[in-house]
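Peer 1: Below is one structure. I have some questions about it.
The values are calculated or read from the model by the stated rules, or taken from the named source; none is laboratory data. This structure is a prediction, so every number in the text was calculated from the model and none was measured. For neighbour counting, all protein chains shown are included, and Cβ atoms are generated from backbone atoms with ideal geometry for every residue, glycine included.
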Amino acid sequence: MSILGIDQITYAADDLPTCRRFFSDWGLALKSETADELIFECLNGCRVVVAAMDRPGLPPAMEEGPTLREVVWGVESDADLARYAAAIADEPGFVDAEAEGARRIGCTDPNGLAVRLQVSRKRSIDLECGAMNTWNAKPRINQAAPVYERATPIEVGHVVFFVADVKATAEFYAHRFGFVGSDSYPDRGAFLRCAPEGGHHDLFLLQLPSGKRGLNHVAFTVRDIHEVFGGGLHFSRCGWETQLGPGRHPISSAYFWYFKNPAGGLIEYYADEDQLTAEWQPREFEPGPTVFAEWAVDGGLDGNTRRQKNAEGPQGKFLTEKK
């Protein structure tokens with residue numbers, strides 16, 4: 001019995017028209033729209049809900065302003081759901097009710113976030129991805145690597161929160177839901193995956209000296225490094241502002257590109273994270289710029305010139321041509 005991953009997230013935002021354009025440009029499919037709610041889907045059916053902040057029935061917020069109000073994790077079966085319900089029945093905010101035509105259980109985590117579980121609605125999909133040729137393995141033969149005009153995210157891969165007590169919150173997810181530690185910043189941050197075998201992290205908890213609680217970012221998985229670049233360039237052309245990227249994380253090995261999000265926090269395209277098993281031994285790191293990013297472009301790339309922001313555009317000459 002283990003959680004399969006994120007099935008749905010719910011933002012509460014104060015500008016739905018802007019959010020509608022933002023998530024459509026991001027590459028999500030708009031499935032339904034009402035005056036106080038937008039529902040988007042990723043390629044595998046993972047849902048992103050954006051609700052007006054005054055919509056009835058929203059869980060309480062961890063912080064002021066637009067932010068994430070709820071994370072719904074998927075499980076394999078009704079039997080799994082029943083076992084998790086028994087494990088969290090005494091937790092604050094416990095719920096066991098029908099939502100969107102299915103049973104959904106949940107509670108409130110120590111950081112004040114609404115955590116829910118349901119039998120997963122995500123679909124299995126088979127996608128063609130760019131193969132990487134290395135010195136030892138060359139799987140891409142007589143074929144160019146892909147160039148993407150934009151991104152179409154596969155799913156919500158992980159969420160990251162500022163927490164008031166990283167130890168208590170990490171223990172909650174480990175003891176109640178079986179999450180496994182991947183790596184950590186001692187007493188500062190915990191990278192957790194929802195099953196012994198899987199991607200490097202589904203959840204990252206970060207404790208600041210101020211004790212701030214709230215959303216840091218939501219990360220969307222794309223096919224490969226080429227889609228990180230193609231998606232980021234398209235999103236830049238649409239006029240949205242980069243926070244940092246593209247770049248590469250030494251912890252998790254993933255390539256990333258972060259943008260500012262009108263629904264709260266940051267939003268990330270990422271690909272090529274480490275895959276771990278139960279044999280993995282968690283590591284400890286001291287926070288620092290080179291631990292967060294092996295390399296990163298500050299301010300992003302311009303989608304039209306394909307150069308760093310505010311850099312001179314290409315002139316039609318070979319880069320090696322001398323004056």
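Peer 1: Among the residues of the stretch 34-63, what is the count of those that are under 21 Å from the mean Cα position of the chain (by Cα) and among the acidic types (Asp, Glu)?
Peer 2: The qualifying residues number 3.
Peer 1: Is there any pair with a first residue in the stretch 211-222 that is more than 20 Å from residue 262 (Cβ to Cβ) and a second that is among the aliphatic types (A, V, I, L, M) and not in a loop (DSSP other than H, G, I, E, B) whose Cβ atoms are under 8 Å apart and which are 6 or more apart or on different chains, and what are they?
Peer 2: Every condition considered, the pairs that remain are 221/156; 221/271; 222/228; 222/271.
Peer 1: Within the stretch 153-170, how many residues are assigned to a loop (DSSP other than H, G, I, E, B) and touching a Phe, Trp or Tyr at 6+ places or on another chain (Cβ under 7 Å)?
Peer 2: Total satisfying the criteria: 1.
Peer 1: Considering only the stretch 50-72, state which residues are crowded, with 21+ Cβ neighbours inside 10 Å, assigned to a strand (DSSP E or B) and hydrophobic (A, V, I, L, M, F, W, C).
Peer 2: Hits for the stretch 50-72 are 50, 51, 68, 71, 72.
Peer 1: Let me ask another. Name every residue in the stretch 1-18 that is in a helix (DSSP H, G or I) and either among the β-branched types (Val, Ile, Thr) or under 17 Å from the mean Cα position of the chain (by Cα) (or both), in order of residue number.
Peer 2: Within the stretch 1-18, 18 is the sole residue that qualifies.
Peer 1: Name the pairs whose Cβ atoms lie under 8 Å apart, with the first residue in the stretch 169-196 and farther than 21 Å from residue 108 by Cα, the second in a helix (DSSP H, G or I) and at pLDDT 95 or above, and 6 or more positions between them or separate chains?
Peer 2: Close Cβ pairs (under 8 Å, with a partner that is in a helix (DSSP H, G or I) and at pLDDT 95 or above) amount to 187/166; 187/167; 188/166.
Peer 1: Quick one: residue 164 ticks every box in (1) out of contact with any Lys or Arg (no Cβ under 7 Å at 6 or more places or on another chain); (2) within 22 Å of residue 60 (Cβ to Cβ) except a single one, so which number is it?
Peer 2: (1)
Peer 1: What pairs can you find where one residue is in the stretch 262-282 and within 30 Å of residue 65 (Cβ to Cβ) and touching a residue at least 24 places away in the same chain (Cβ under 8 Å), the other is of a type in the set (A, V, I, L, M) and not in a strand (DSSP E or B), and their Cβ atoms are less than 6 Å apart, with a gap of 6+ or different chains?
Peer 2: 269/151; 269/222; 269/228; 270/254; 271/222; 271/225; 271/228; 273/254
Peer 1: Going through the stretch 254-288 one residue at a time, which ones are buried (at least 24 other Cβ atoms within 10 Å of the Cβ) and in contact with a Cys (Cβ under 6 Å, 6 or more places away or on another chain)?
Peer 2: The answer is 263, and nothing else.
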